[in-house]
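Asker: Below: one structure in structure tokens.
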Amino acid sequence: MKSIIKTAVLAAGFTAALSMSAFAAGWAVENNTWVYYNNDGSKAANEWKTSADGGYYYLDGWGNMVTNSFIDGERYVDSDGRMVTSGWRQIDSRWYYFDSNGKLVTDQSKQINGAYYFFGDDGEMLTGWVMDGDGDWYYCDPSDGHMYVNTWKRLEASPEMDDVDSSRVNIEDDGTYWFYFKANGRVTRADGSEDYEEATINGNRYAFDQCGRMVTGWTKLQETTPVIAGYKYYNDDESLGTYGAAHTGWLSAYPPEDEESLGQDVVWYYFDYRGTPYYGTDVSTSDNDETLEAKFRRITRNGKTYTYLFNELGNPVYGLRKVRRSNGEVTSMYFGTRQECCLQYGAKTVTEADGTESTFRFEDSGYGATGVKNNKLYYMGKLQKAMDDSYAYYTVEGVTYLVSRSGSVVKNHNSKKDPDEVEFRSDSQGRRDGGYGEVSELEEPVFEITEI
């Protein structure tokens, strides 16, 4: 009790009490222990008393001042017997904090010198994982107990997290996971109604499971049609971009393994600035057909802009494709080889889905030409030409034309099988003008169909 001994007023009082020359209320030493006498001469017991230094001291049932002990489980007196206030104390290798009234802080979080700390039911400062009454997780530094805020940490999961599915969560080689703690200290996590939740941190988007573990790879955030629209890909390798962040731009990858409808081969995907995959719409009217809605994505690559069309699987299509324009017209478009998979223009020799090489023409818009272009007749982009005879009639957009084996429109023509009979005739525009030759069935393109 150094502070009391050094107090001149109390020292004089204690000397008088010891000499017993006259009774005086206050502090005294008896049998090497501090005691306190009330004004009526009784010894104070089971109560607090103050001293000239402003501190509070506790007298036990015998009237002896208590040191180094908890009083009623709420307050603590140090080695001098003084009640601890507004401060930390390490007691039996455990840390406790007492408020300005000397009361032990229990069962709560408290801000102390700018940092937050958690305290258990018995007042012990908690470290490691802490769950509050609402089921939210926090983490307190094992070395000094401060709560993590606004920071990433790689940590082992709490044992209570083991019951939550972690199939999408990336566990590091040392058995740790990545967590992010918000400004309020809560770990970023999905609530009970969702498997995963996305959060934007320093400009990047990340996803976390119900325990707050960061996920990587394909992650389904919601049920959607088409299926791929509900997925994002979170970088599982730094070579793809910021580790754990939602991928943006092109990605060559296997489809989500739990979605058989998306196929099983490595394919290309493209993700916008939010990490959402591009996808198209299939407007087919039968199972043996695949007609895609003509909604295009223009993407700049190496300083040049290309046009792409994505299917319902989220993949850019390639080859000859059947598309429906906004006006309802169905025609062809050509997206090159699998390596190119971008819209092609002009005259092209195209290998159709059945292996046939045919001549096509695509307008500046990319749609297959229909009608007469440069004196050639096309239907849905494919050149129409005579096959069995030297000439043939084809009807395109309600007009019947006479064409040769090269597909050229034949004008002002009469041809006979015998001297008295005209078989093929055309006017100055190449339109049919008599003759008895049958109108041939249009040669429709044989389109690629996406294979699953």
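Asker: Report the residue count in region 57-111 for those that are over 47 Å from the mean Cα position of the chain (by Cα) and charged (D, E, K, R).
Answerer: Matching residues across region 57-111 total 6.
Asker: Which condition from (1) loosely packed, with under 15 Cβ neighbours inside 10 Å; (2) modelled with pLDDT of 95 or more; (3) touching a helix residue (DSSP H, G or I) at 6+ places or on another chain (Cβ under 8 Å) is the one that ILE5 breaks?
Answerer: (2)
Asker: Residues that are open to solvent by 20 Å² or more (accessible area, probe 1.4 Å) and more than 30 Å from GLN264 (Cβ to Cβ): list the strands (runs of 3 or more DSSP E) wholly contained in region 372-452 that include at least 3 such residues.
Answerer: 399-404, 414-418, 421-425
Asker: Scan region 213-243 for residues that are assigned to a loop (DSSP other than H, G, I, E, B) and among the β-branched types (Val, Ile, Thr) and jot them down.
Answerer: Within region 213-243, THR216, THR224, THR225, THR242 meet the criteria.
Asker: Something else now. Go through (1) touching a helix residue (DSSP H, G or I) at 6+ places or on another chain (Cβ under 7 Å); (2) open to solvent by 50 Å² or more (accessible area, probe 1.4 Å) for ASP354 and report which single condition fails.
Answerer: Going through the list (1) touching a helix residue (DSSP H, G or I) at 6+ places or on another chain (Cβ under 7 Å); (2) open to solvent by 50 Å² or more (accessible area, probe 1.4 Å), ASP354 breaks only (1).
Asker: Which residues, counting only those in region 115-174, are part of a loop (DSSP other than H, G, I, E, B), among the hydrophobic types (A, V, I, L, M, F, W, C) and under 30 Å from GLY217 (Cβ atoms)? Working first, answer last.
Answerer: The first filter runs over region 115-174 and keeps only residues part of a loop (DSSP other than H, G, I, E, B), leaving 120-124, 126-127, 132-136, 141-146, 148-150, 156-158, 164-168, 170-174.
Checking which are among the hydrophobic types (A, V, I, L, M, F, W, C) leaves us with 126, 149, 157, 164, 171.
VAL149, ALA157, VAL164, ILE171 - these are the residues of region 115-174 that are part of a loop (DSSP other than H, G, I, E, B), among the hydrophobic types (A, V, I, L, M, F, W, C) and under 30 Å from GLY217 (Cβ atoms).
Asker: Sticking with this one: Looking for something touching a residue at least 12 places away in the same chain (Cβ under 8 Å), under 28 Å from GLY212 (Cα atoms) and in contact with a Pro (Cβ under 9 Å, 6 or more places away or on another chain) - is there at least one such residue anywhere in region 106-120?
Answerer: No - not one qualifying residue is present in region 106-120.
Asker: Quickly run through region 127-165 and pick out the residues that are open to solvent by 40 Å² or more (accessible area, probe 1.4 Å) and at positive phi.
Answerer: If the condition is that a residue be open to solvent by 40 Å² or more (accessible area, probe 1.4 Å) and at positive phi, then ASN150 is the only one that fits.
Asker: In region 249-368, which strands (runs of 3 or more DSSP E) lie fully inside it and hold 3 or more residues that are closer than 21 Å to THR219 by Cβ and touching a residue at least 40 places away in the same chain (Cβ under 8 Å)?
Answerer: 267-271
Asker: Take THR356 and decide whether it is closer than 30 Å to SER406 by Cβ and among the polar types (S, T, N, Q).
Answerer: For THR356, the condition - closer than 30 Å to SER406 by Cβ and among the polar types (S, T, N, Q) - is met.
Asker: From the list TYR180, TYR117, exactly one residue is in contact with a Ser or Thr (Cβ under 7 Å, 6 or more places away or on another chain), surrounded by 11 or more Cβ atoms within 10 Å (Cβ to Cβ), over 21 Å from ILE91 (Cβ atoms) and modelled with pLDDT of 95 or more. Which is it?
Answerer: TYR180
Asker: Something else: Which condition does ARG324 not pass, out of (1) more than 27 Å from TRP250 (Cα to Cα); (2) open to solvent by 50 Å² or more (accessible area, probe 1.4 Å), if it passes all the others?
Answerer: (1)
Asker: Out of the residues in region 55-98 meeting the condition of being under 22 Å from TYR117 (Cβ atoms) and part of a loop (DSSP other than H, G, I, E, B), tell me which one is most open to solvent (accessible area, probe 1.4 Å).
Answerer: Restricting to residues being under 22 Å from TYR117 (Cβ atoms) and part of a loop (DSSP other than H, G, I, E, B), the top hit is ASP92.
Asker: Quick check: is even one residue across region 208-220 within 22 Å of GLY263 (Cα to Cα), open to solvent by less than 60 Å² (accessible area, probe 1.4 Å), touching a residue at least 12 places away in the same chain (Cβ under 8 Å) and touching a Pro at 6+ places or on another chain (Cβ under 8 Å)?
Answerer: Yes, because at least one residue in region 208-220 is within 22 Å of GLY263 (Cα to Cα), open to solvent by less than 60 Å² (accessible area, probe 1.4 Å), touching a residue at least 12 places away in the same chain (Cβ under 8 Å) and touching a Pro at 6+ places or on another chain (Cβ under 8 Å).
Asker: So, one more: Taking the condition more than 54 Å from the chain's Cα centre (by Cα) and modelled with pLDDT under 95, does ALA44 pass?
Answerer: no
The values are calculated or read from the model by the stated rules, or taken from the named source; none is laboratory data. Keep in mind that what you see is a predicted model, and the values were worked out from it rather than measured. Glycine also receives a Cβ, built like all others from the backbone with ideal geometry; neighbour counts cover every protein chain displayed. Only protein heavy atoms, including side chains, enter the accessible area calculation; ligands, DNA and RNA are left aside. Shrake-Rupley method; radii C 1.70, N 1.55, O 1.52, S 1.80 Å.
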